[in-house]
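> Questions regarding the structure given below will be posed in turn.
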Amino acid sequence: METKLAVPIAAKNLNEARQQTGAAKAAGAEILELRTDYLENISIWLVKKLITEAKRAGRSLPIIVTCRDKRQGGVRDCPQKLRIEVLVGVLEAGAEFIDFEYENFLSVENREKILPGLSQNSKARLILSAHNFETKFPNIDKLYRDILAVYPSAIPKLVYMANHINDCFEAFDLLHQTGGERIVFCMGEAGLASRIIAKKLKSFVTFASIDDESATAPGQLTIEHFKKLYRYDAINSDTELYGVIGSPIAHSLSPAIHNAGFADVGVNKLYLPLLVEGEKAEFDKFMQNILSRSWLGFRGFSVTIPHKQNALDYVRGNQGFVEPLAERIGAVNTLLIGKDGKLAAYNSDYAGALDAITSALCITRTDLRDLTVAIIGAGGVARAIVAGLSDAGSAIKIYNRTVEKAERLAEEFGCDFAGLDDLPTLDAKLVINCTSIGMHPNIDVTPLSKKYIKKDMVIFDTVYNPAETLLLKHAKEVGAKTIDGLSMFINQAAAQFKLFTGQEGNAELMRKSIIGSVEN
């Protein structure tokens, strides 16, 4: 069974419905869902006309008709009698599916009105749906069985709000343990990946909106995101999964980079955003959920804030391999899962930074020895870069607002340190901003005043959004050489890509895949 991409038509009137239907078909919808509870003046005549026009306009697609009860997410409070009349009426007009709430179907009176209409249209199917907009179902397996016990020919639809990504695994398990036609996924940002994985796990349909404004449920992706960003048409049951673990994660550029790269080298891999909120306990539970379900096919992760230390601790605790320099850095940003379930951890942040520096300066890593470097900041990014440059033999001085933090980092790697008050006296060939100062949307600030930048300096800003920060603009105005954060970001992603695939990534393609997503 091939999962179909269903696009809701959530129109207030006939004209809007025509426009949305045309847009959905043009974008590649495989099923239309007519959400008739959005109509301002709903009537059986109007809904039948919608179906007739949708069938006539361009390529004909299967149609699901839904007139959702307001208690389960409907927009308008239509009388139940009218809702049932609409669903029965559209069966005569050629609708292939009607969606009715399981809770309401338990009423003998409602069943006696719906079932005769289904019996007169042998090709029509009934979707019996249950939604929980607050949390998980108390027992999703029992609910699934109960739906089929009441009406064995039904297509069960079970959709609930995931308040944490760990809530999604019950949905994955149900899809894995059952067969046939069923619809199961999670709502909300934490449930986003479940909408995409639904195809790998052979859910009957998954839903995508025409655009952000026409979404009909929390966390619903646009059809463009499905098709372009997440390579929906290439997903199958053998697709290997990767993703970026972090919080927040909504604006991560990593899915665009890696999915473009996977498509470029022709591998059956998919990269997802994975919102893992919380601290070590939540991260550990997520990893346990992944590792205990090898059938999901997860093979690796990028790891970002706040889980780089948690990832290292988890791999250590599970006797996995840790790259020696990553061990020294004390944080990892890349995890691999072997086919035997064994874990390996790496840090490509330092490699991305060093490659950006050597490429811009047209030197080798050997030439970094004795290079004078000023590091602004003493957080995770600074730590990785200090470790890499220290390993290469550079002469480093760390500047940080909290001097004690700079001192601890400097002591560990044998560097000098100072407070930000000493920046006016800095004298280094290479200056690296490792703070978030200047990051979008706060683009009018800089960690280093223009008057302290010298023409013979190289200014490197690890912030990559915007691509050209105020610090880099000032450096160019002075005549200093610059290195943007996008270069480091793409280099570290390329290093991860090689770990994920065993192949070299196309850095230019990676840059093109995200350039429209960052401020210029």
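> Between residue 123 and residue 46, what length comes free when the chain is fully extended (0.36 nm per residue of separation minus the Cα-Cα distance, one decimal in nm)?
Working: separation 77, 0.36 × 77 = 27.72 nm, distance 2.25 nm.
In short, 25.5 nm is gained.
> Kindly work out what percent of the DSSP beta bridges joining two residues of the chain are antiparallel, to the nearest 5.
Numbers: 7 of 72 bridges.
Around 10 percent of the beta bridges assigned by DSSP in the chain are antiparallel ones.
> Listed highest first by mean packing, meaning other Cβ atoms within 10 Å per residue, what order do 265-277, 118-130 come in? Provide the component values of the computation, followed by the final result.
Details: 265-277: 20.4, 118-130: 16.8.
The most tightly packed comes first, giving 265-277, 118-130.
> Can you work out the accessible area per residue across segment 383-484, with the rest of the protein chains kept in place, probe 1.4 Å, in square angstrom? Intermediate results must be reported in sequence, preceding the final value.
Details: 4840 Å² over 102 residues.
Heavy-atom accessible area per residue stands at 47 Å².
> Rg over Rh of the chain, using C-alpha atoms and the Kirkwood radius, what does it come to? It would help to have the intermediate numbers written out before the result.
Numbers: Rg = 27.1 Å, Rh = 25.4 Å.
Result: Rg/Rh = 1.07.
> Another question, then. Carbon and sulfur together cover what percent of the accessible area of the chain at a 1.4 Å probe radius? Numbers along the way, then the final one.
On the way: 10470 of 21560 Å².
Result for the chain: 49 percent of the exposed heavy-atom area is carbon or sulfur.
> Between residue 508 and residue 305, what is the FRET efficiency for a Förster distance of 35 Å, r being their Cβ-Cβ separation, to the nearest 0.05?
Values: r = 27 Å, r/R0 = 0.78.
Taking R0 as 35 Å, the efficiency between residue 508 and residue 305 is 0.80.
> While we're here: Determine the gain in length on full extension of the stretch residue 402-residue 251; use 0.36 nm per residue of separation and subtract their C-alpha separation, reporting nm with one decimal.
On the way: separation 151, 0.36 × 151 = 54.36 nm, distance 2.90 nm.
Extending this stretch completely gives an extra 51.5 nm.
> If you don't mind, there's one more thing I want to ask. Dipole of the chain, Cα-centred, from +1 at each Lys and Arg C-beta and -1 at each Asp and Glu C-beta, to the nearest 20 debye?
Numbers: 60 positive and 63 negative charges, 260 e Å.
Roughly 1240 debye, rounded to the nearest 20.
> Just tell me which lysines come within less than 27 Å, Cα to Cα, of residue 142; anything on the same chain fewer than 8 places away is out.
The qualifying lysines are 4, 70, 113, 157, 199, 200, 202, 285.
> Return the FRET efficiency for the residue pair residue 325, residue 212: r is the Cβ-Cβ distance, R0 is 30 Å, and the value is rounded to the nearest 0.05.
Working: r = 42 Å, r/R0 = 1.38.
Between residue 325 and residue 212 the formula returns 0.10.
> Can you say what percent of the DSSP beta bridges in segment 368-433, counting only those with both residues inside, are antiparallel? Round to 5. The partial results should precede the final answer.
Numbers: 0 of 13 bridges.
Here the share of antiparallel DSSP bridges comes out near 0 percent.
> Quick check: Cα centre of segment 407-480 to Cα centre of segment 112-161, how many Å?
That distance is 59 Å.
> Along the charge dipole of the chain, pointing to its positive end and built from +1/-1 on Cβ of Lys, Arg, Asp and Glu, which listed residue (495, 380, 260) has its Cα farthest out?
260
> Mind checking which aspartates and glutamates have their C-alpha under 15 Å from residue 473, skipping anything on the same chain fewer than 8 residues away?
444, 461, 484, 519
> To the nearest 0.05, what FRET efficiency results for residue 108 and residue 280 with a Förster distance of 35 Å applied to their C-beta separation?
Values: r = 52 Å, r/R0 = 1.48.
Efficiency at R0 = 35 Å is approximately 0.10.
The values are calculated or read from the model by the stated rules, or taken from the named source; none is laboratory data. Quick caveat: nothing in here was measured; it's all calculated off a predicted structure. Neighbour counts are summed over all protein chains in view; Cβ atoms, including those assigned to glycine, are modelled from backbone coordinates with ideal geometry. Side chains included, ligands, DNA and RNA excluded: accessible areas come from the protein's heavy atoms. Shrake-Rupley method; radii C 1.70, N 1.55, O 1.52, S 1.80 Å.
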